[in-house]
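A quick write-up on the structure given underneath.
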Amino acid sequence: MRQLRRYQRLQLMMRLAPLLAGVLLLCGCADRKTSGPRILRVSVAADQEFRNRSDWEKIIRSRFETIGPHWERQFGIRWEVAVVNAWVSQNGVDAQRLCAALRGGTSGPDAIMLGISGQPAPTDSLGFAAPFSSVLLVYDFPKAPESQNAAILSHQLAGLFGVWDSATRPTSLDFDPQAAEVIRLTRNVDFQAGIRGMDAALLKRLDSLYTATQGPPTGNPVQVARMRAGEDLIAARSPGAALEMLRQAAAADPNNPRLHTDIALALVAVNELPSAIQEFRQVVRLEPQSAPAHANLGSLLTRIGNWQEGNAEIRKAVELNPRDASLHFTLASALLHTPGQYDAAIAEIREGLRLDPQSPVGKAMLESAQRTRAGVPK
């Protein structure tokens with residue numbers, strides 16, 4: 001009997017051996033993933049204003065050398081400057097638009113693109129970093145000590161891991177306990193996949209950390225990442241996936257007009273026009289003095305044949321911003337398709353061209369309207 005039991009135990013162990021080996025292999029992979037530092041490679045683009053500084057490339061590398069030990073010690077993350085290139089940036093735009101213009105660099109889950117600008121920073125702006133994305137913009141402050149510029153770089157990089165903005169300009173390389181916890185939680189974020197590749201439980205934890213601060217929904221990094229991911233999906237012509245992401249964000253931030261606008265655009269892309277109109281109505285309700293909000297709603301109403309209300313909405317947009325030539329052209333386009341409104345349409349085109357004489361859209365509209373005017377009843 002004892003020999004039989006020993007034989008049965010031996011057989012059981014033999015059957016479990018492959019499973020145990022697989023578990024050990026998985027554990028080993030996890031250990032290898034976290035045992036050494038995560039190496040993040042940075043491609044740097046420096047604009048002309050920053051390159052006016054002497055030893056500008058040395059300054060960039062020095063800042064990363066300054067922050068490096070702190071990141072590796074606290075989070076097991078090692079920063080490496082892969083390449084430094086010149087960058088011709090647009091002048092007079094904000095940090096977000098500068099960031100959006102950055103192109104190039106290496107791709108992959110561990111690749112970061114950093115733009116550094118020597119342009120005068122807008123009030124209270126240190127740059128722009130969207131959570132769980134691979135691109136950020138940092139301003140240079142030549143009159144500040146290099147220790148503070150390094151601290152600014154460090155805290156802007158933290159924004160990529162979902163750390164929300166602080167109320168004060170950073171002067172220390174150290175992070176407060178809450179920010180440090182966020183970075184540790186998102187240490188292994190895949191910057192190629194962004195929020196779409198992140199675990200739902202992790203996102204819920206981050207959301208609860210931010211909610212505890214009682215900050216506005218517009219500052220919640222999870223919601224910001226969802227909104228931006230939705231917008232990227234719209235640009236990539238994937239409106240169905242965009243809707244899923246944007247609706248998740250809107251559920252937590254229902255009074256965000258930008259989210260309702262994005263959802264409306266995605267709905268138009270999938271030809272759900274009545275639902276899109278309802279979203280644009282929400283935008284008008286939230287921003288009654290927004291000319292684009294009224295123009296968007298009006299244009300879509302005219303698209304489904306509701307000329308009376310649609311034209312009224314576009315006229316409201318023109319009243320709110322009478323010096324915007326594009327709004328006059330939008331109203332003209334609607335009037336051209338409204339019976340008996342050809343003269344009014346041509347008048348709007350002429351007004352738009354008065355404001356923007358070189359507009360190719362306005363010139364083409366006027367030529368087309370004048371060519372067909374003789375056959376249209378007054």
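Odds and ends about this structure:
- Boolean, TRP71 is part of a strand (DSSP E or B) and modelled with pLDDT of 90 or more: no
- Inside region 92-110, residues that are surrounded by 12 or more Cβ atoms within 10 Å (Cβ to Cβ) and free of Cβ contacts under 8 Å to residues at least 60 places away in the same chain make up a count of 10.
- Condition check for ARG354: at pLDDT 95 or above and farther than 27 Å from GLU309 by Cβ: yes
- Condition met for ALA295 (over 31 Å from the mean Cα position of the chain (by Cα), part of a helix (DSSP H, G or I), more than 30 Å from PRO131 (Cα to Cα) and of a type in the set (Gly, Ala, Ser)): no
- PHE161 being surrounded by 15 or more Cβ atoms within 10 Å (Cβ to Cβ), aromatic (Phe, Trp, Tyr) and touching a Ser or Thr at 6+ places or on another chain (Cβ under 6 Å): yes
- Candidate set from region 303-319 (those that are modelled with pLDDT under 95 and not in a loop (DSSP other than H, G, I, E, B)); member that is surrounded by the most Cβ atoms within 10 Å (Cβ to Cβ): TRP307
- One residue from ALA269, ALA235, ALA201, ALA251 being in contact with a helix residue (DSSP H, G or I) (Cβ under 6 Å, 6 or more places away or on another chain) and either of a type outside the set (Val, Ile, Thr) or surrounded by fewer than 19 Cβ atoms within 10 Å (Cβ to Cβ) (or both): ALA269
- Checked against the criterion of being buried (at least 19 other Cβ atoms within 10 Å of the Cβ) and of a type in the set (Lys, Arg), the candidates ARG63, ARG51, ARG38 yield just one match: ARG63.
- Residues of region 74-109 classified as at negative phi and not in a strand (DSSP E or B), total: 20
- For region 120-141, a residue qualifies if it is closer than 17 Å to TRP164 by Cβ and among the polar types (S, T, N, Q), and the qualifying residues are SER125, SER133.
- Residue selected from region 85-115 under the condition closer than 17 Å to VAL42 by Cα and among the β-branched types (Val, Ile, Thr), by the criterion modelled with the lowest pLDDT: THR106
- Candidates PRO322, PRO339, PRO288: the one that is modelled with pLDDT of 95 or more, more than 24 Å from ASP262 (Cβ to Cβ) and assigned to a loop (DSSP other than H, G, I, E, B) is PRO322.
- In region 272-302, the qualifying residues are those that are acidic (Asp, Glu) and closer than 19 Å to PRO254 by Cα, and the one that is surrounded by the fewest Cβ atoms within 10 Å (Cβ to Cβ) is GLU287.
- Looking across ALA179, ALA212, ALA200, one residue alone is of a type in the set (A, V, I, L, M), more than 22 Å from the chain's Cα centre (by Cα) and either over 17 Å from LEU40 (Cβ atoms) or not assigned by TED's automatic domain parsing to the domain that holds PHE132 (or both). It is ALA212.
The values are calculated or read from the model by the stated rules, or taken from the named source; none is laboratory data. Nothing here was measured: the structure is a model prediction, and the numbers come from that model. We place every Cβ from the backbone using ideal geometry, glycine too, and count neighbours over all the protein chains shown.
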